Amino acid sequence: VQLQASGGGLVQAGESLRLSCVASGSISSLNRMGWFRQAPGKERVFVARIWWSGGGTFYADSVKGRFTISRDNTKNTVYLEMNDLKSEDTAVYYCAAALQPFGPARTETSYDYWGQGTLVTVSS
């Protein structure tokens, strides 16, 4: 399975941005998808998760109500719609894919495949 993340960029606080993650390869084996982010000098942390079937969304408290994770079945793509961006959202965003439904959604080791990351910079 290969994951290609895109959509990052430079925005001002309060603006919106949509990230995309295209999955290719043996995607029929996937169970869930997640987004993580890593701010400068900090560890990578969980942002959101969705079942590959499209349901079961789950968010970190820091983004709940502002970010929306979704999936387009026809394009094998998972999106992260980010609204009302804040300077603390500045990070490299990674998409991840898991083969199994087990393991906490917030834990990196629950995921088997990772995209290359896309940088989001929010200026205040």
**Message:** Which residue is nearest to residue 4 (Cα to Cα), if the candidates are limited to segment 33-81 and must be open to solvent by less than 40 Å² (accessible area, probe 1.4 Å) and small (Gly, Ala, Ser)?
**Reply:** 34
**Item:** Sole residue being touching a helix residue (DSSP H, G or I) at 6+ places or on another chain (Cβ under 7 Å) and within 18 Å of residue 122 (Cα to Cα), chosen from 98, 13, 91, 39
**Value:** 13
**Fill in**
Within segment 18-32, restricting to residues that are part of a strand (DSSP E or B) and open to solvent by less than 30 Å² (accessible area, probe 1.4 Å), the one that is farthest from residue 67 (Cα to Cα) is 23
**Complete:** residue 28 vs (1) free of Cβ contacts under 8 Å to residues at least 60 places away in the same chain; (2) under 12 Å from the mean Cα position of the chain (by Cα): all pass except (2)
**Request:** Pairs only if they're at least six apart or on different chains, beta carbon under 8 angstrom, first in segment 102-124 and free of Cβ contacts under 8 Å to residues at least 24 places away in the same chain and open to solvent by 70 Å² or more (accessible area, probe 1.4 Å), second assigned to a strand (DSSP E or B) and charged (D, E, K, R); list them, first residue then second.
**Result:** none
**Item:** Filter result for residue 84 (in contact with a Lys or Arg (Cβ under 6 Å, 6 or more places away or on another chain), among the charged types (D, E, K, R), more than 18 Å from residue 108 (Cα to Cα) and open to solvent by 30 Å² or more (accessible area, probe 1.4 Å))
**Value:** yes
**Item:** Per-region count, segment 35-63, residues more than 12 Å from the chain's Cα centre (by Cα), of a type in the set (S, T, N, Q) and at pLDDT 95 or above
**Value:** 1
**Request:** Quick one: count up the residues across segment 1-16 that are open to solvent by 30 Å² or more (accessible area, probe 1.4 Å) and assigned to a strand (DSSP E or B).
**Result:** 5
**Message:** Being open to solvent by less than 10 Å² (accessible area, probe 1.4 Å), closer than 18 Å to residue 23 by Cβ and hydroxyl-bearing (Ser, Thr, Tyr) is the requirement here; does residue 93 meet it?
**Reply:** yes
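The values are calculated or read from the model by the stated rules, or taken from the named source; none is laboratory data. A quick note: this is a predicted structure, and the numbers were derived from the prediction, not measured. Methodologically, a virtual Cβ is constructed for each residue, glycine included, from the backbone with ideal geometry; neighbour enumeration extends over all protein chains shown. Heads up: the accessible areas ignore ligands, DNA and RNA and are worked out on the full protein's heavy atoms, side chains in. Shrake-Rupley method; radii C 1.70, N 1.55, O 1.52, S 1.80 Å.
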